[in-house]
Amino acid sequence: MLDPRIYRAAFVPVLFVLIIVAFSLENRPAPLRSELVPAAFDGARAARTMNSLSAQYPLRRPGSAGDQALALRIAQELRAVMPKVAVRTRAVKDASTVDGKRDLINVEATQPGSAPGAALVVVASRDSLAPRSAAALSGTAAMIEIARVVALSRPLRSVTFASVSGSTGGQAGMRQLADQLRRPVGAMIVLGDLAGPVTTDQLVTGWSSSPGAAPLVLSRTVATALRAETGLKAASPLARRELARFAWPVTVGQQGPAVAAGIPAVLLSASGELPPAGDAPVDSTRLQGFGRAGLRSLTALDSSPKISTASPSLDLVITRKLLPPWAIRLLAAALLLPALLAAADGFARLRRERSPVARWVVWVVAAALPFALAEIFIRALGVFGVINATSPPAPPGSLPFAAAGIGALVSAAVIFALAFLVLRPLINGALTVSDSSEARGASLAPALVIGLVAVVVWIFNPYAALLLILPVNIWLLVGARERPLRRRWAIFWILFSLLPVVAVALVYLDQFALSPLTLIWFIFLTLAGGTPSLLAALGWCLACGAGAAALLRAVRRDRLPDQAITVRGPASYAGPGSLGGVDSARRR
């Protein structure tokens, strides 16, 4: 069924693609620098503002009375430091938050620039789930102090200062701000925890809630300013992290919705992508260093004659070089091509032999049905408010694993089990197919389905297609062999093909400081909140069904009997006379 010559020949283009990819590497862009020392930023004054706000507004859950009162107070502070600028408040109605639907308030003030050009934006969030939480307000205090400095100067570009709510889940304030900002926006700096303990090396974060990240020039500009002011080195993105974050784009950082909306945005925070602990101690010296880094970054961006507004960026950082996204797309296509051609050839052979294939494709779809029903059930829990999930998802710990969560997980597991143990056998019985069938279509169907899924995924996200390279190739080689592997080896290779998915899970375990149990709960909340889209989630369910079908076939049989040779070829030719005599030869 599988012609190894076609499979081997299809790897020839991979050599040329590797050469093209090697020559496509580019140098990283240099960061923008400012020679002006941001000494005008008064860290002591910012610390007094932070402590005053946290003491007067200790309860600041999104949409609460304290959150809205604080928004009006921040508007007053901005009017005081920017007397010549109009300060606006915008209502965000029925916003999705960790406490359900709430009305939020955005506060905006724009300092006009003296020259035309792409605008700059400085944003800080003010809501917090823990009482007081002074560290969560350090970004707001620094933003007010930076606004005071900018109002006394004459910036070349217009600078917008905004206070938003909803960072504890849903990012509704940031999403509305990103939608309403006047384009073009040259860069956005989101100020997070600037006074709490440094708990990560990811001090400058540019991940998006869609495939991609903030432009590297912006991330490097802020990281360079941070090192100049504090001596702290923000870690550069690693290739394995970028591959995982681009393939499965999920972020809990406040910059995520802005980057997804096409705005170059980075988050500057001592706690990285995650919010600070509610009882995190604050340090006025650290607030001054991080605040001055934000001001230095703003000055460097303002003085730059041109800012790249291409966002999100899909460039992959590899050992101080950049690999463009078109090279990744080309490489993924080349590595998928051999399996796709071999599977198409195997399908054509089965059709010529009039062997059934459609029923086995339905058999694979039936294996995907339990995953799809569980996903639809989880999504319904979020839509109808049974589980208070948000999109983008709330940071881990914002929605604790309570009794309602246990019930939802158990219910989803029961639906999956019933569909797998009852509904799937009924469909297989109606089709007269079984997991242990010796039909050749059963061997090829999982490879055909995962190949089609890989093509669709490659069209929309080549980084996610990289996760499917091993499954597409290994499931074909394991299932479509003329002499099947023994059970243990077939199971081993099918499980081995899932290593890229495991690697992505390990990256998120590290990035979000999760345990395996909390990772499951975080994935559950992410799916319930609507990330990814329902159509994309069902596509991944189909891929899971193909994997389940391939694994079931490997488990249910030890070794299929040898197939009778029906077509002679070089491997089965036994020498002269093996085909029998012919009349012309007999006459001679």
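The values are calculated or read from the model by the stated rules, or taken from the named source; none is laboratory data. As the structure is a computational prediction, the values presented were derived from the model and not from experiment. Virtual Cβ from ideal backbone geometry, glycine too; neighbours counted across all protein chains shown.
Odds and ends about this structure:
- Residue that is surrounded by the fewest Cβ atoms within 10 Å (Cβ to Cβ), among those in region 486-509 that are outside any helix (DSSP H, G or I) and free of Cβ contacts under 8 Å to residues at least 60 places away in the same chain: LEU498
- Selection of first residues in region 277-288 that are farther than 18 Å from ASP127 by Cα and in the same structural domain as ALA228 (by TED's automatic domain parsing) and of second residues that are charged (D, E, K, R) and assigned to a helix (DSSP H, G or I), restricted to Cβ pairs under 9 Å at least 6 apart or on distinct chains, gives the following pairs, ordered by first then second residue: SER284/ARG48; GLN288/GLU229.
- Residue within region 32-42 that is of a type in the set (A, V, I, L, M, F, W, C) and either assigned to a helix (DSSP H, G or I) or closer than 30 Å to ARG354 by Cβ (or both) present: no
- Among the residues making up region 70-98, those that are under 28 Å from PRO396 (Cα atoms) and surrounded by fewer than 15 Cβ atoms within 10 Å (Cβ to Cβ) are ALA91, LYS93, ASP94.
- Counting only residues that are buried (at least 19 other Cβ atoms within 10 Å of the Cβ) and either in a helix (DSSP H, G or I) or in the same structural domain as TRP248 (by TED's automatic domain parsing) (or both), region 510-524 holds 4 of them.
- Count of residues meeting criterion [surrounded by fewer than 24 Cβ atoms within 10 Å (Cβ to Cβ) and not in a loop (DSSP other than H, G, I, E, B)] in region 265-278: 0
- Evaluating THR531 against the criteria (1) within 30 Å of GLY272 (Cβ to Cβ); (2) modelled with pLDDT of 95 or more leaves one unmet condition, (2).
- Exactly one residue out of PRO155, PRO197, PRO131 is outside the structural domain of GLY382 (by TED's automatic domain parsing), assigned to a loop (DSSP other than H, G, I, E, B) and in contact with a Gly (Cβ under 6 Å, 6 or more places away or on another chain): that is PRO155.
- Of the residues making up region 322-358, those that are outside any helix (DSSP H, G or I) and either among the β-branched types (Val, Ile, Thr) or surrounded by fewer than 19 Cβ atoms within 10 Å (Cβ to Cβ) (or both) are LEU322, PRO324, GLU353, ARG354, SER355, PRO356, VAL357.
For every residue, the table says whether it meets (1) surrounded by 23 or more Cβ atoms within 10 Å (Cβ to Cβ); (2) in contact with a Phe, Trp or Tyr (Cβ under 7 Å, 6 or more places away or on another chain); (3) in a loop (DSSP other than H, G, I, E, B); (4) not aromatic (Phe, Trp, Tyr).
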site	(1), (2), (3), (4)
THR221	yes, no, no, yes
ALA228	no, no, no, yes
ARG240	no, no, no, yes
PHE246	yes, yes, no, no
ILE263	yes, no, yes, yes
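- Test for ARG292: is it basic (Lys, Arg), at pLDDT 90 or above, crowded, with 23+ Cβ neighbours inside 10 Å and in a helix (DSSP H, G or I): yes
- A search for C-beta distances below 8 Å between a residue of region 532-545 that is assigned by TED's automatic domain parsing to the domain that holds SER209 and crowded, with 20+ Cβ neighbours inside 10 Å and any residue that is among the basic types (Lys, Arg) and not in a helix (DSSP H, G or I), counting only pairs 6+ apart in sequence or on different chains, returns nothing.
- If the condition is being of a type in the set (Phe, Trp, Tyr) and more than 28 Å from LEU336 (Cβ to Cβ), then region 491-519 contributes only PHE512.
- Only helices (runs of 4 or more DSSP H) whose full extent lies in region 365-474 are considered here, and the ones with at least 3 residues that are within 21 Å of the chain's Cα centre (by Cα) are 440-460, 462-466.
- Yes/no for VAL361 being hydrophobic (A, V, I, L, M, F, W, C) and either surrounded by fewer than 14 Cβ atoms within 10 Å (Cβ to Cβ) or at pLDDT below 90 (or both): no
- Single match in GLN111, GLN56 (criterion: outside the structural domain of GLY530 (by TED's automatic domain parsing) and surrounded by fewer than 18 Cβ atoms within 10 Å (Cβ to Cβ)): GLN56
- Residues in region 160-202 that are hydroxyl-bearing (Ser, Thr, Tyr) and buried (at least 24 other Cβ atoms within 10 Å of the Cβ): SER163, SER165, SER167, THR168.
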